[in-house]
1. Kindly list, by first and then second residue, each pair from a residue in the range C:254-278 that is more than 8 Å from chain B (Cβ to nearest Cβ) to a residue that is in a helix (DSSP H, G or I) and surrounded by fewer than 20 Cβ atoms within 10 Å (Cβ to Cβ), limited to pairs with Cβ atoms under 8 Å and residues at least 6 apart or on different chains.
2. Of the residues C:ARG270, C:ARG276, only one is within 30 Å of B:VAL81 (Cβ to Cβ) and in contact with an Asp or Glu (Cβ under 7 Å, 6 or more places away or on another chain); which?
3. Taking the range A:50-90, which residues are touching a strand residue (DSSP E or B) at 6+ places or on another chain (Cβ under 7 Å), surrounded by fewer than 24 Cβ atoms within 10 Å (Cβ to Cβ) and among the β-branched types (Val, Ile, Thr)?
4. Which ones in the range A:174-196 are in a helix (DSSP H, G or I) and either more than 19 Å from A:GLY246 (Cα to Cα) or of a type in the set (Asp, Glu) (or both)?
5. When you check B:ILE168 against the structure, is it touching a strand residue (DSSP E or B) at 6+ places or on another chain (Cβ under 9 Å), more than 9 Å from chain C (Cβ to nearest Cβ), assigned to a helix (DSSP H, G or I) and at pLDDT 90 or above, yes or no?
6. Among the residues of the range C:296-344, which ones are small (Gly, Ala, Ser) and assigned to a loop (DSSP other than H, G, I, E, B)?
7. Cβ-Cβ below 7 Å, separation at least six or inter-chain, first residue in the range A:287-302 and closer than 22 Å to B:PRO78 by Cα and within 12 Å of chain C (Cβ to nearest Cβ), second at pLDDT below 65 and not in a helix (DSSP H, G or I): which pairs?
8. Give me the residue from the range A:225-281 that is surrounded by fewer than 22 Cβ atoms within 10 Å (Cβ to Cβ) and not in a helix (DSSP H, G or I) and, out of that set, nearest to the other protein chains (Cβ to nearest Cβ).
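The values are calculated or read from the model by the stated rules, or taken from the named source; none is laboratory data. Since this is a predicted model, take the numbers as computed values, not measurements. Using ideal geometry, Cβ is built from the backbone for each residue, glycine included, and neighbour counts are taken over all protein chains shown.
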Amino acid sequence: MDWEYFFELLLGGLTRGSIYALIALGYTMVYGIIELINFAHGEIYMIGAFTALIAANVLTMLGMNELAVLVLASVVAILYSAAYGFTVEKIAYKPLRQAPRLSPLISAIGMSIFLQNYVLLAQTSDFLPFPSLIPELEFMEPIAHIISSAEVIIILTTAVVMILLTLLIKYTRIGKAMRATAQDRSMAMLVGVNVNRVISTTFVIGSALAAVGGVLIASHIGMINFYIGFIAGIKAFTAAVLGGIGSIPGAVLGGMVLGWTESFATGYVSSDYEDVFAFALLVIILIFRPAGILGRSTTQKV
Amino acid sequence: MEPILEVKDLTMDFGGLRALDHLDLEIDRGEIAALIGPNGAGKTTFFNCITGIYIPTRGDVVISPPGKKRERINGLKPNHVTERGMARTFQNIRLFPSMTVLENVMIGRHCRTRSGIAGAVFRGPGTREEEQAVVDKSYEILEKMGLSRFVNELARNLPYGAQRRLEIARAMATEPFLILLDEPAAGMNPQETYELDQLILRIRDEEGISLLLIEHDMQLVMSLSDRIFVMDYGKKIAQGTPEEIKNNPVVIKAYLGEEIDA
Amino acid sequence: MKIQDIKESFFIAAWFILLTFPIMVIQVNPIENIIEWRWWNLILVGAGSFMLSFVWRYLMNRKAGQKRKESEDAEDIPLTQRLLRNPRFFVPALIVLGVFVFAFPFLFSAYQINIMTTALIYVVLGLGLNIVVGLAGLLDLGYVAFYAVGAYSYALLNHHFGLGFWTVLPVGAFMGAMFGVLLGFPVLRLRGDYLAIVTLGFGEIIRLILENWNAFSFGPSGIANIPRPGFFGVDFSLEASSRYLYFLMIAMALFTIFVVNRLQNSRIGRAWIALREDEIACQAMGIDKTKTKLTAFALGATWAGMVGVMFAAKTTFINPASFTFLESAIILSIVVLGGMGSIVGVIIGALVLILLPEYLRAFSEYRMLLFGAIMVIMMVFRPQGIISGVRRTYQFKGKGDKAVKTRETVKQPAPTTDHS
């Protein structure tokens, strides 16, 4: 067995998994609170990547140094994604809170298609090269052939973001309000939680996380176009379901499992069917264990 | 009297929670029985367990439909339970809101009719006859239930009391020998409750259908029931005639804090 | 118009200007290092969102008003349905329509005929998906897979065994149904939203397999030289052949309408609708949930399989690129726009959504943008679609004076699925 190749795949899977996890968090948080598969979430991630690309180019031309560009472009991307997430919720989901369940789902699909084509028409259908914003770290030199600096930074960033998010949900006021709303929306409303604000906040946080993922993956892979959100969205959703939708540690675990599955399957089996593995995993999980790895199966109330 | 429903040792666990605890119960043919108990005693869980919505952890549910074989039915799917002649209503009314009143009842005829895809497409004389029979029978039931003036209304536009009666009509359309009513009088005013009382008696006397009802309205329960079962914390704590139940100290204790206004 | 509203709209316009600024205004060309500033777009977005915010507010208010009205006045039947029911209007309209449909291929160019044929293909696809989504309430996002199954059935059976169009047509329909059952069986236990995502996954898996399994499907390069349908061995000119295809497609569409209409008004159709309305009550009424869902899934897929054969025969070339998720989304927006559960609505929806972008060239670029927007707007403001479904009423035998008005239509509200 070629151990070096194995570790390469292992770490590659971890990197992919981190990105999936970042996007999956948005799905999981939204689903936890309003039980909606936010189809447009992948598009928010794509818009984050596009905004970062545009900002980075403008800032570079203004003559800023690399680190400043990295920080500013990320901040712009995060703010914009959050704003898009907020707006999408207000337009496409909020009016449908009381509607039958199929309605917001169709609305979400429509929003996803709309945003994809919005970027396609306003920008381009071509792949754009994304500037490599993430710096090469010198101390990484000796192991650079196994794992790149960018991959290390992706994994570390994800880890830090997860910890921050967990703390936020556990200890802050808004975090508690979010958990209360997820448990029982009308009850939360009765005890004085501003449910609309909680839902908005959830979209904002989820979208911001997607933007982090967008910036990281784009500068790692170096190419983006308007369609990256669709595939990434479905995969991240797979990760969320895999771990147990609604559960935050589940989203991380699901991301990792999916990352590794893809990494090893393409590394050892065939790279032609890369996406098929992800979809097949999704289908299998939903059919045999719809509650996911960490999710509890609930009995439907009659 | 011959029992038509026998429940033995019925137990239902949700994770660590025991919702039903070794429950025994019998319903005789032609009987109106009531299942009472404080909120959360497991009454609706009991309905869900014997109608196939939940699969009980252990125990037996055995039915003896008049003129048919005795049969153990726990583990069967809800639709098979209904096919065998046990129909139900729901505590939180579950009609088909954007179908008409008549169509709601026609759905009840589904398991008593047979026409399939080919029948639907070619609509031969057999299918047409069957459809007409379904319509006529459904209308007849609506008339009996005093709902005929609503036939073409959408179910969700009906007044509350009428929605409850429509649920019963829909259950009757499946030709049951036993109907399980889950809080049929909930939310009704005294006049409506009185009408319901008469209606339930008529269903038993004219249609020969037995009934088991979960109900909190003690006046209704006491006036209707031949036999009452009392549940608390998933256990059966008493059974007997209304007179016996009224004077049973265990029941009074279980209801402490809750009035028995009879 | 209140001053408050204008203020609010200003705020909304400012928000959208800010929101769309990077993507609408800045165009970077990273290869040549040029940045283009399109300030004109800024003004467009500002003015556009300012005006749209008024439309939005108006529609919102109207929706809120309607909700109040509906509970008081349930007998209100929309104009479109009154027209459809009135024979004085209905019969002449049908005759005019019939003449037009017949004369169409003799009045217009082959190009126009081809477009109309394509639109008719979508009519059939929309009606098929309508069974699954509109009637049974199962959101199938992988519907295009069955279309692909039909198209590849014809292409491959013809390529390997030389089978002709007419032989494969029923085979394609059958294959569609088979795949419907095959894919449907494992997924039908799932809840609504999971079902949507799994069918999406299945659809993509089928497309990816077609793309990558070269030995079986010839991969991305597809299959060419698929013969057009024959007509007793007559050789057609290109023009005559598109006319022939057009009439075939008309026949197919009529056949679909006939069958779907009969299904909808049958014991099975009622069970589908009941299932859509409340799954648990439906089972408690003795309806076999799995079997009913499976028939809906299979009967929906049948049409996609059948019309897939037609599609392959019409284009004479197919490859996996014709069967992407976007195609499923287009068919779904047809059903959503037309009105879930309404046959007339779906026909109109298909014609509008397919023909409009073709005839308004300037429009065609914005086609998918528009489709996305339509799905959102319809769901928010008019979930029942442009033509809401007609609920049948029934006649009672021997009830004399008690017989209720026959065949009265009742406005059908938005379909409801489980609220749990």
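1. C:LEU275/C:LYS289
2. Values: C:ARG276 fails: in contact with an Asp or Glu (Cβ under 7 Å, 6 or more places away or on another chain).
One residue alone meets the criteria, C:ARG270.
3. A:VAL58
4. The answer is A:MET189, A:LEU190.
5. Values: touching a strand residue (DSSP E or B) at 6+ places or on another chain (Cβ under 9 Å): yes; more than 9 Å from chain C (Cβ to nearest Cβ): yes; assigned to a helix (DSSP H, G or I): yes; at pLDDT 90 or above: yes.
Answer is yes for this residue.
6. First, the residues of the range C:296-344 that are small (Gly, Ala, Ser): C:296, C:298, C:300-301, C:304-305, C:308, C:312-313, C:321-322, C:328-329, C:333, C:338-339, C:341-342.
Selection gives C:GLY339, C:GLY341, C:SER342.
7. Here the result reads A:GLN300/C:SER420; A:LYS301/C:SER420, each pair linking the range A:287-302 to a residue that is at pLDDT below 65 and not in a helix (DSSP H, G or I).
8. A:ASP272
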